[in-house]
1. Return yes when Phe10 is on the phi < 0 side of the Ramachandran plot, crowded, with 17+ Cβ neighbours inside 10 Å and touching a residue at least 60 places away in the same chain (Cβ under 8 Å) and no when it is not.
2. Somewhere in region 260-278, is a residue in the same structural domain as Ile302 (by TED's automatic domain parsing), without any contact (Cβ under 8 Å) to a residue 24 or more places away in the chain and hydrophobic (A, V, I, L, M, F, W, C)?
3. Return yes when Asp64 is among the acidic types (Asp, Glu) and more than 20 Å from the chain's Cα centre (by Cα) and no when it is not.
4. Would you pick out the residues in region 157-180 that are touching a Phe, Trp or Tyr at 6+ places or on another chain (Cβ under 9 Å), surrounded by 16 or more Cβ atoms within 10 Å (Cβ to Cβ), part of a loop (DSSP other than H, G, I, E, B) and not acidic (Asp, Glu)?
5. Determine whether Val257 is of a type in the set (Val, Ile, Thr) and under 30 Å from Pro72 (Cβ atoms).
6. Against the condition farther than 27 Å from Tyr86 by Cβ, of a type in the set (A, V, I, L, M, F, W, C) and surrounded by 14 or more Cβ atoms within 10 Å (Cβ to Cβ), how does Val290 come out, does it pass?
7. Could you say which residue among Leu115, Leu92 is without any contact (Cβ under 8 Å) to a residue 12 or more places away in the chain and of a type in the set (A, V, I, L, M, F, W, C)?
8. Are any residues in region 13-26 surrounded by 15 or more Cβ atoms within 10 Å (Cβ to Cβ) and over 23 Å from Phe167 (Cβ atoms), and if so, which ones?
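The values are calculated or read from the model by the stated rules, or taken from the named source; none is laboratory data. Note that the structure is a prediction, hence the values are computed from the model and not measured. Here the Cβ positions follow ideal geometry from the backbone for every residue, glycine too, while neighbour counts run over all protein chains shown.
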Amino acid sequence: MAEALLKSIFKKILLDWYDPAARPMPWKDEKNPYKIWISEVMLQQTRVEQGLEYYKRFIDKFPDVFSLANAPIEDVLKLWQGLGYYSRARNLHKGAHQLVSNYDGEMPRSFNEILALSSVGPYTAAAIASFAYNMPHAVVDGNVIRIISRIFGIDTPFDTSVGQKLFKQLADELLDRQQAGRYNQAIMDFGATVCTPSNPKCAECPFSQDCVAFLSGKTSELPVKSKKIKKRERHFNYFVFQHQDEFLVFQRDTKDVYSGMYEFYLWEHETIISDDIIKLKIEDMLNKPVSFTKFSLNKPHILTHQRLFIHFFQFNLNHKLSLEGGSWRTLGNLKKLPVPKFIHDYMERL
C-alpha cells in the first residue's frame, strides 16, 4: 500500500482494532481532568499493573485537587512511596497549588495553559486535553514513536531535534481529529499490547502487511536512538545510629534524588569505600572505638541516569548523637515518614 494511502486510513485501521481490544482501566472513559492528570503522571515510568493500586489509593486519599493542594508534601510522598521518580509527586503537589491559586481548582481548557502546569509536559498536556475535552492534540510518547517508526520505516533517531519534530508532525497528521481522545487511547494501548518494545505480536497486527519494519525484518532495530547516556555511579553509605528504640534521621536536600524524603546519616562516594575506612570515619565522628553491623543490597538500585549502590552500617550508641539537621525517631514514627524504598525495605529488617 502506498504511504499516502496508509496515512489516510491509519486511524480507521487503528480504531477498528481498538473497539474489541481496549484494555479495561479505571481511568478509561474518564472525563474528570483531575483524575486524568493523576493517572497520566502516575503512569510515566511505571508499569500499568503497578500503577493501578497506587492510583486507587491516591484518588481515595486525594479525591480532588483541593485535597491534594491542602495536603502536606510528606503525606503525598508517603503515598507515592515505592513508585519511584518522586519528582512526579512533588510536581503534582505543586501543580495542584497552581490550579487552586490560578484557576479556582479547575483544569484550564487551553492546551498551552495545561502545558504550563507543574508536572505537565507535551505528552501529558495532549492526554489531558484530548481525554477530558476531546481537543485535537496527538500524544507522542515511546509507544507512539515505536509504532510510527516501525510501520513507516523511519530510522531518524527520535532523541534528536530533527527526530522529535518529525515524529510530532507525523503523529499530528495521523490523528483522528474528530475523536482525538479515543484515538490517543487506542494508539497507546496498541503500543502497550501489540507493537511492544521486544517480541511484538506482528501476527496479530492489522498493519503487518504494510509495516516496513516487519516486511524488512527490522522490528528490533526501530526506533533508532542516537545516544546512550552513561549512568552515574553513586555509593550511598548509610550510618544507622540507634539509641535504645530511636534512630537518627535526616530529611534529604531539595536538589537531589529523593528530595524531601527521610534517610539515615549519609556518607556518599563515587567509588566503594572499605569497611576499615568506614570504621575510621565513625570513630573520628564519635571519638571512640566502634563496632557495627553491615548490610548491603545485592544489586544496585537503578534510576534513569544513575546506579545507586546502597550500604547500611548500624551502630548502637550509649547516648544520643547531635548532628545538624538530624532528629531522633522511633521506628514506628519513622515508618510513617516518606523514605526511599530501599530504606523502607531495610527498616523491615530491624
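1. Yes.
2. Within region 260-278, one or more residues are in the same structural domain as Ile302 (by TED's automatic domain parsing), without any contact (Cβ under 8 Å) to a residue 24 or more places away in the chain and hydrophobic (A, V, I, L, M, F, W, C).
3. Details: among the acidic types (Asp, Glu): yes; more than 20 Å from the chain's Cα centre (by Cα): yes.
Yes.
4. Selection gives Phe158, Leu175.
5. Judged against the criteria, Val257 is a match.
6. Values: farther than 27 Å from Tyr86 by Cβ: yes; of a type in the set (A, V, I, L, M, F, W, C): yes; surrounded by 14 or more Cβ atoms within 10 Å (Cβ to Cβ): yes.
Yes; evaluated as a whole, the condition is true for this residue.
7. Selected residue: Leu115, the only one of Leu115, Leu92 that is without any contact (Cβ under 8 Å) to a residue 12 or more places away in the chain and of a type in the set (A, V, I, L, M, F, W, C).
8. Ala22, Met25
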